[in-house]
Structure formats: structure tokens, C-alpha cells
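The values are calculated or read from the model by the stated rules, or taken from the named source; none is laboratory data. All values reported here derive from a predicted model rather than from experimental measurement. Using ideal geometry, Cβ is built from the backbone for each residue, glycine included, and neighbour counts are taken over all protein chains shown.
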Amino acid sequence: MEEQKFEVIGGSLDKSLRGETQLDLKELARESWELTKNRKSEVLQGVLFLFFIAIILAWALQSVFGVTNIETAPPRLLMMIKVAGIIVTAPIIASMLMLGISHSVGSKPPFFLLLKKVLSSVLVILLTLAIAAFTDLSSSLISSVNVLVGFIVLIYLGMATGFSMMLLVEKKLAPSQTIIQSFKVYNRYILPLSFFYLAFVLLFILGMFTFGIVYIWLIPFYFNFKGVLYRELFGVRVAKLDNNKLISESIFHA
């Protein structure tokens, strides 16, 4: 039986921590858009899945708990719904992020194949809950002193932990290390990465004026772009069948 071989495509964590990675956002955006032209259906499956879950949660709030106005809902109930939402959606979002990484290295795995693999790890949910708790607590504490600063901290923490889930699934780092390394790389490349996130926030806001039609391309573009950024900043370990052919089903390796 042929021994499985591996290679790393893109950059590396050590190189990025030293500030040696060059991020040309214009060129990376062009590459990501080309990927999106032919590889958006898999990401959209995840979007439809999330939309279905949002409908279920909204129905539960109104029909099961009798909440017709979210502003009047008990805080404990809102917290319970939020935790339930994180538990259910975390594996789906993680799978969509891994689709972006897979596309960045020329692989096109089915969405449900990645979802099945992600569901086998409870760490995905625990990491998402930990990040949400850390972000909310930090922002709340600072907001009690200054609301504007608290909001800025909330945005910063959201961006700084943006690669944590990808590092957990692709690199299999310990949850604490995924947060630490994501922070370090984000702070090293704070200007281009902040521009990436804030530009997409603006695009998503503008997308509402198209009645959401542009999201058919914009959401896959975001996940593919983030996958390309991850490849350049951290590198992606891929399996090979021989010197020229990459395993196409997935970048996950048991």
C-alpha cells in the first residue's frame, strides 16, 4: 500500500509571527473571486442550513416560549437561546470556513462531508462558546465604564479571534493556543486584516439594498477570501496521492 505523503501549501505560522508574510489584498481578492465563480454552491448549502435553524429558533421563541417582542424577553431565556444557537450553528460555520480553506488549495469537498467530520469534535462547540463568553464578558465590563470603548473592544476581539476555529480544525491546535495564535497573527497584520473585515461589513450592509440577492455571491466570496488569507498566513497541510495529485475529497487527515 502506498504511503500517504503530505505537503504544506502557502505560508506558515512561524513566518507570519515574524512578519515575513506579504499580504496583497487586491491580488488575494482577485483569486478569491475566481474561486467563488465556480465554488459557491457548497457554501450556500451551509447558508441554507443556517437560515433553516434561524427559522426554528424564531418559531421556538414565539410558539414555545410565547415571546412576541425580543426586547421584552427575559434575559435568562435570551441567554439560553443564544447558547443553543451557538451549539447548533458552530459546526456549520466551521464547515463553511473549512470549505474556504479547501477551495484555496484546489480541493472541492462536499459540504456535508466536512460537516460530518466537524461534528465528530465537541471542541468546535466548546471553543465557540468560550470565545463568545470571553468576548461578551470583556465588552460588558468595559462598557460599564465607557460604552464606545466597550463596542470597540467587542469588534476588536471578534476580529482577533477570527482564525481560531480554522486553526482548531485544520491545525488541530489546543483551543487555548488557537485563540493565542489568532491574536498574535491578527496583531501582526492588524491593518490589512482589519480592512478585510470592515470592508466585508460594509459590503454586507450595502447588500441589503439589493434585497439580499447579492449575498448569493458575497457570502461564498467572504468564506473563500478568508480561506485564501488563512492559507497565506498559516499554510495548509494537504495529502497527496503522488507528486502531482492532491487528494480532492478533503484537507482533513485522520
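Things to note:
- Restricting the stretch 172-197 to residues that are in a helix (DSSP H, G or I) and at pLDDT below 95 leaves a set whose member that is farthest from the chain's Cα centre (by Cα) is Ser176.
- Just one residue in the set Leu35, Leu61, Leu97, Leu28 is over 29 Å from Phe183 (Cβ atoms), assigned to a helix (DSSP H, G or I) and out of contact with any Ser or Thr (no Cβ under 6 Å at 6 or more places or on another chain); that residue is Leu61.
- Filter result for Leu115 (at pLDDT 90 or above, loosely packed, with under 12 Cβ neighbours inside 10 Å and either within 17 Å of the chain's Cα centre (by Cα) or in a helix (DSSP H, G or I) (or both)): no
- Taking the stretch 37-81 as the range and being of a type outside the set (A, V, I, L, M, F, W, C) and surrounded by 14 or more Cβ atoms within 10 Å (Cβ to Cβ) as the test, the residues that pass are Arg39, Lys40, Glu42, Gln45, Gly46.
- In the condition set (1) in contact (Cβ under 8 Å) with a residue 60 or more places away in the chain; (2) surrounded by fewer than 16 Cβ atoms within 10 Å (Cβ to Cβ); (3) within 23 Å of Tyr189 (Cβ to Cβ), Pro110 is compliant with all but (3).
- In the stretch 144-170, the residues that are surrounded by 16 or more Cβ atoms within 10 Å (Cβ to Cβ) and over 21 Å from Ile190 (Cβ atoms): Leu168, Val169, Glu170
- Here is the figure for the stretch 1-40: residues that are under 19 Å from Leu99 (Cβ atoms), without any contact (Cβ under 8 Å) to a residue 60 or more places away in the chain and not basic (Lys, Arg) total 2.
- Tally of residues being more than 18 Å from Tyr215 (Cα to Cα) and either in contact with a Lys or Arg (Cβ under 7 Å, 6 or more places away or on another chain) or not aliphatic (A, V, I, L, M) (or both) across the stretch 41-65: 4
- So Lys108, is it closer than 25 Å to Phe52 by Cα, not in a helix (DSSP H, G or I) and not polar (S, T, N, Q): yes
- Test: residue in the stretch 84-94 that is surrounded by fewer than 13 Cβ atoms within 10 Å (Cβ to Cβ) and either assigned to a helix (DSSP H, G or I) or in contact with a Cys (Cβ under 6 Å, 6 or more places away or on another chain) (or both): no
- Qualifying residue in the stretch 220-242 (condition: crowded, with 21+ Cβ neighbours inside 10 Å, aliphatic (A, V, I, L, M) and modelled with pLDDT under 95): yes
- A single entry from Phe6, Phe49 fulfils the requirement of being out of contact with any helix residue (DSSP H, G or I) (no Cβ under 8 Å at 6 or more places or on another chain) and of a type outside the set (Asp, Glu): Phe6.
- When Ser139 is tested against (1) crowded, with 19+ Cβ neighbours inside 10 Å; (2) under 30 Å from Lys37 (Cα atoms), only condition (2) is not met.
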